[in-house]
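Comments concern the structure below.
None of the figures in this text is laboratory data; all of them are computed from the coordinates on show. Keep in mind that this is a model prediction, so the values were computed, not measured. FYI the Cβ positions are ideal-geometry reconstructions off the backbone, even for glycines, and counts take in every protein chain you see.
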Amino acid sequence: MQRKIRLGFHVSMQGSVANAAQEALSNGYGTFQMFVTNPRSWAIGEINGNDSLMFKELVRKSHAMPFAHASYLCNPSSPKDDIHRKTISSLKGNMENCARLGIRYLVIHIGSHLGAGHVAALRNSAETISHVIDTTSGVELLLENSAGYTNSFGSDFKEIAKIMDEIGREKVGVCLDTCHAYAYGYDIATAAGTAALMDEIEQAVGMRSVKLVHLNDSKYQLGSHLDRHWHIGKGHIGRQGFIDFFRNMRLKTDCFVMETPEDEYGDRESDMRAALSIIEETRLGRV
Ligand SMILES: [Zn+2]
């Protein structure tokens, strides 16, 4: 039987969380991602009961799989006490909003150690994440690989595996971002590069722990360490690179969310068309 994948975008919750689900429903997305509070503020926005009911109803109608992305200010790897405290409280708030909306997975960045080093980053991130997990329930955190910018932690899957070992393997999952992986230095634009990354994921964290893929092309070259998402097929991974990626990836998840830039009206449609035409050239189908 042909394997089918779900495609969608990071969508806006501006105005009401229900708008995010409505966008997914109107455009026929099989999956989507959204923020559940203002991503640039430490304060957690409250979600009222009516909005939450409407959101759930629209998700049910759409049959789409929803994901949330945590606020940008959160930095689980920070060695600073105040950021540590604020990160814990923000992640808890993000998770509570997810629970209210029936969203099972919250994607988080592992963050920056700000020069304190990898040993401190491992200790701080594991401690922060464990604390958050132990005081909330019903929502699972997904650790996202980073592009490897200065002082960042968690750009390779062996590092992510170390955090998971500290926290408890079964307690957290993983989100693979294709742009970040490529920018870090995994050459997923080639069959051999994707095969090598899949081997590493399998050995380090296990295929089943990857619950979501952020499907993004990369504006900059392999190993640039620059986190600049680009339109599908138009960046350095390229159309053929993505075809090779899909032919060689052995991930179990069927959820692929694009976080491509939306500068002009119609960017979404053209990225979706590009992704669909790539899928059509592989053995995969679309939900
Ligand atoms: Zn991402």
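Step by step: find N for segment 95-190, compute 2.2 N^0.38 Å, then divide the Cα radius of gyration by it. What's the final number?
1.10
Report Rg(Cα)/(2.2 N^0.38 Å) for the chain, keeping two decimals.
Ratio of Cα Rg to 2.2 N^0.38 Å: 0.95.
Stick to the Cα atoms of segment 140-199, pair each with every other, and give me the Kirkwood hydrodynamic radius in Å at one decimal. Intermediate values should be presented prior to the final figure.
Working: mean 1/r = 0.0834 Å⁻¹.
Hydrodynamic radius (Kirkwood, Cα pairs) of segment 140-199 is 12.0 Å.
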Quiz item: So which lysines pass the test for Lys56, namely a Cα distance under 30 Å, with those fewer than 8 places away in the same chain ruled out?
Solution: Lys4, Lys86, Lys92, Lys171, Lys211, Lys252
Quiz item: So what is log10(I(q)/I(0)) for segment 1-122 at q = 0.10, 0.23 1/Å, when the Debye sum runs over its Cα atoms only?
Solution: -0.35, -1.22
Practice problem: Give me the lysines in straight-line cross-link reach of Lys234: C-alpha distance below 19 Å, same-chain residues under 8 apart excluded. | Solution: Lys219
Quiz item: Are there chymotrypsin sites (Phe, Trp or Tyr not before Pro) in segment 180-287 that DSSP marks as loop and that have at most 10 other Cβ atoms within 10 Å, and which are they?
Solution: Tyr265
Quiz item: For segment 145-156, in order, what is each residue's ³J(HN,Hα) by Karplus, 6.51 cos²θ - 1.76 cosθ + 1.60 with θ = phi - 60°, in whole Hz (x at glycine and Pro)?
Solution: 5, 9, 7, x, 5, 3, 6, 6, 10, x, 8, 10
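If you keep only loop residues by DSSP, which GluC sites (Glu not before Pro) in segment 1-73 have at most 15 other Cβ atoms within 10 Å of their Cβ?
Numbers: sites: Glu23, Glu46, Glu57; in loops: Glu46.
Counting only loop positions with at most 15 other Cβ atoms within 10 Å, the GluC sites (Glu not before Pro) in segment 1-73 are Glu46.
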